[in-house]
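K.L.:
Sharing a structure with you now.
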Amino acid sequence: MAHLLIVEDDELLRDALGSLLGQAGHQVSMAPDGESALAQLHDSRFEGVVLDLGLPRIDGLTVLQRLRVQLPTLPVLILTARDGVEDRVAGLNAGADDYLTKPFNGDELKARLQSMLRRSKLPAFGQADLSPVGAGRRPLLRVDAGMPRAWLQDDMVELTQREWELLALLFRRQGQVVSREDVFAAWQSGSGEAGALASNALEVYVHRLRRKLAHPALHIRNIRGLGYMMELGAG
Ligand code: CA
């Protein structure tokens, strides 16, 4: 169950999508055009968006580009015309997570949506950013759910796979101690080669994260004999 925003100008299709996803157990909000979509994204928290690209007022691609600035990890599935290959490519380049071409099968939509939502909630990848567009202050740190990168306020920070897995773990359990064993277990499930790491490799990765994420309100503390703990201030 997730709170979803359906953005579709075709009233029949919008209603059909609403009842399909409502019956699948989701909480559904609907927008008939791009302007209304951006307003709702500003005012409410969503866990996923189904976005038609051909929309009146503000087109779907522009909606996607604008929402990505503030909500880089919000899962978005775009709907495009069958022959809209360029639209599809532009949509994926603008940060859509998946697409379906019209007409589509309702079961396929549900399945794609489900796997998109599941990916965004994978525990190893940190939290999707659910703060509304334009809502006051940006969080100090956001960790991308799908790619090895993070945002330190407005700055994107590129990470290696291993740095990303370590950061996601520390971030998810900020304020709690993460033991060395927990990190090695996460690395093992992520890339399957943690066994080959010397035990002092963890210090090296922590050191790299501290350097890449240097900010006075962000601390990765060494808790002697126990492990590491991330603390995030107000930024
Ligand atoms: Ca349309």
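The values are calculated or read from the model by the stated rules, or taken from the named source; none is laboratory data. Fair warning: this is a prediction, and the values are worked out from it, not measured in the lab. Heads up, the Cβs are rebuilt from the backbone with ideal geometry, glycines too, and the neighbour counts pull from every protein chain shown. Note: areas computed on protein heavy atoms with side chains; ligands, DNA, RNA excluded. Shrake-Rupley method; radii C 1.70, N 1.55, O 1.52, S 1.80 Å.
K.L.:
In the range 1-10, which residue that is open to solvent by less than 60 Å² (accessible area, probe 1.4 Å) and near the ligand (Cβ under 10 Å from one of its atoms) is nearest to residue 40 (Cα to Cα)?
P.N.:
Step by step, filter the range 1-10, then rank; the result is 7.
K.L.:
Residue 13 - would you say it is under 18 Å from residue 101 (Cβ atoms), open to solvent by 40 Å² or more (accessible area, probe 1.4 Å) and more than 16 Å from the ligand (Cβ to nearest atom)?
P.N.:
Details: under 18 Å from residue 101 (Cβ atoms): yes; open to solvent by 40 Å² or more (accessible area, probe 1.4 Å): yes; more than 16 Å from the ligand (Cβ to nearest atom): no.
Answer is no for this residue.
K.L.:
For residues in the range 210-235 being part of a loop (DSSP other than H, G, I, E, B) and in contact with a His (Cβ under 9 Å, 6 or more places away or on another chain), which is modelled with the highest pLDDT?
P.N.:
For the range 210-235, the residue satisfying everything is 233.
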